[in-house]
1. If you take the beta carbon distance between ARG450 and ASN404 as r and set R0 to 25 Å, what does 1/(1 + (r/R0)^6) give as a FRET efficiency, to the nearest 0.05?
2. In square angstrom, what is the accessible area per residue of the stretch 1-134 with a 1.4 angstrom probe?
3. Between ASN465 and GLN149, what is the label-point separation in nm under the 7 Å Cα-to-beta-carbon projection?
4. Highest mean first, how do 451-459, 284-292 rank when packing is the count of other Cβ atoms within 10 Å averaged over residues?
5. Give me the percent of the accessible area of the stretch 369-528 that comes from carbon and sulfur atoms, probe 1.4 Å, all protein chains in place.
6. Could you please put LEU460, LEU146 in sequence from largest to smallest accessible area, using a 1.4 Å probe?
7. Just the accessible area for HIS95, please: 1.4 Å probe, Å², rounded to the nearest 10?
8. Given R₀ = 35 Å, what would the calculated FRET efficiency be for SER353 paired with MET417, taking r from the Cβ atoms and rounding to 0.05?
Amino acid sequence: MVVLAASVVIKSGKALVSRQYVDMSRIRIEGYLASFPKLVGTGKQHTYVETENVRYVYQPIESLYLVLVTTKQSNILEDLETLRLLSKLVPEYTHPLDEEEICKTAFELIFAFDEVIALGHKENVTVAQVKQYCEMESHEERLHKLVLQNKIDETKDLMKRKANEIDKSKIEKNRTGKGGYTSLHSMGSGKVDIGFGSETSISSSGGFGGSSGFGPSIEVDSFSAKSKGRPTVSATAPSKGLGMKLGKTQKTNQFLESLKAEGEVIVEDVRPIIGQSKSSAPPPTDPVTLTVEEKLNITLKRDGGVSSFDVQGTLSLQVLGPDDGFIQVQIETGGNPGILFKTHPNINKELFSSSNILGLKDPNRPFPHGQAGDGVSLLKWRMQTLDESIVPLTINCWPSVSGNETYVNIEYEASSMFDLQNVMISVPLPALREPPNVSQINGDYRYDSRNSVLEWSILLIDNSNRSGSLEFVVPPADSSIFFPISVHFSAARTFSDLKIQSILPIKGGSPPKYSQRTVMSTENYQVV
């Protein structure tokens, strides 16, 4: 078959929209369309008429005609199928079907016609596919923009953290100059230390001893002779290996300070984000900070049951000063038999197995200090199960079509084990011209029209609201459109229920002050 043109005309034969698929002048197609109303007889039930040269396949649409001009040798069945598909597309882009609205949406109709007909031949597409192609939504593009924005946010957080480290080093340097405490660099040997989990960290602190750190070290000449008569260097000053990385941040900080001195108001761009990364946590202020963190990777089935359930946890230690690293950590686990613990290779495994104490194999070595992020990982654990009774949050989605509308009812049920914070349930929707009609909700919602997602947010789920529901109405759609449902939340309790009992100083004296941060968050939590 060969379609010469697809047109929308009024009953007098005036063309409102016409798309030609062969080389044809405007005068010629206007002549064809002008003669079309004269060929259509009144009271006839035919859907086509023929002349000596062409065939008109047409369908009335209210006060208009949708006309295909084809060759006489084309397949009439294929022509009728093409006409039927185009007649479904026109109302999708034009409301109401009148002359003014057709002219307003002329380009949208031409683009849709081009997706159906290529070089005069019908393409094997559906109405939904044509709408998707014309919208030109790209999952890869959205993913790229999301990754790019995450990198920008992480870079901002890194810049602020490094600026804080520089400010701290300046404070420590001033204290050393005023005789607050003796520098450890003027005695002992400087050395290059390959630290716990790091291949390039450089330390020159004598407080680590001859073999400090969690890895092999290379001794260099002593600086004790050179340090005479010179100002001492703070034990927490940034090392030379990081000087190149910190230079740009320091210049940026000085530039901001100069703007503030001139009276400019500097507003930092800080946006609250649900499920912030570890780098966004505030810098530690206590000598010892321990972080218990668990990540959930859970996939639930829409009809009930668990497809996959994986919990991965870490216990991290962050030490500020070199003298605070000579410690051992007494912990208490919740006794969950499904959790498998694994210590770092430099941790004394026998001591941990017998007494639940985390300490280095060599008690004369301190834990490394000044580590970025959450510090060094001492303990890891993992739990895998298919037991649906311990799932923190279950989601049930019930879509049902009634007439020209789809009623969607979504319910959540939360386990009494956890109080969930910043809960976000993201439900994908079909492409809509208007936001969905939400009739009932426990919490708040936001409609993301660009990604066609309804975001249901609950600030806190505790004993007062262990269950809740959301009801909304959208145009008719297949039930699979509303999946997968993505869930994000955090909690201050973990499956391992790991707690820090005490900090044990190795060299005696009072234990250093410590703080514990416990967080459980979702990494990939879906209902499919």
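1. On the way: r = 25 Å, r/R0 = 1.01.
In this case the efficiency is close to 0.50.
2. Values: 7250 Å² over 134 residues.
Here the residues of the stretch 1-134 average 54 Å² of exposed surface.
3. That separation, rounded to one decimal, is 2.4 nm.
4. On the way: 451-459: 17.4, 284-292: 19.6.
The packing order, highest mean first, is 284-292, 451-459.
5. On the way: 3620 of 7940 Å².
C and S fraction of accessible area: 46 percent.
6. Values: LEU460 75, LEU146 100 Å².
The residues order as LEU146, LEU460, largest area first.
7. 110 Å²
8. Working: r = 27 Å, r/R0 = 0.78.
E between SER353 and MET417, to the nearest 0.05, is 0.80.
The values are calculated or read from the model by the stated rules, or taken from the named source; none is laboratory data. All values reported here derive from a predicted model rather than from experimental measurement. Backbone-built Cβ (ideal geometry, glycine too); neighbour counts: all protein chains shown. What goes into the accessible areas is simple: the full protein's heavy atoms, side chains included, and nothing from ligands, DNA or RNA. Shrake-Rupley method; radii C 1.70, N 1.55, O 1.52, S 1.80 Å.
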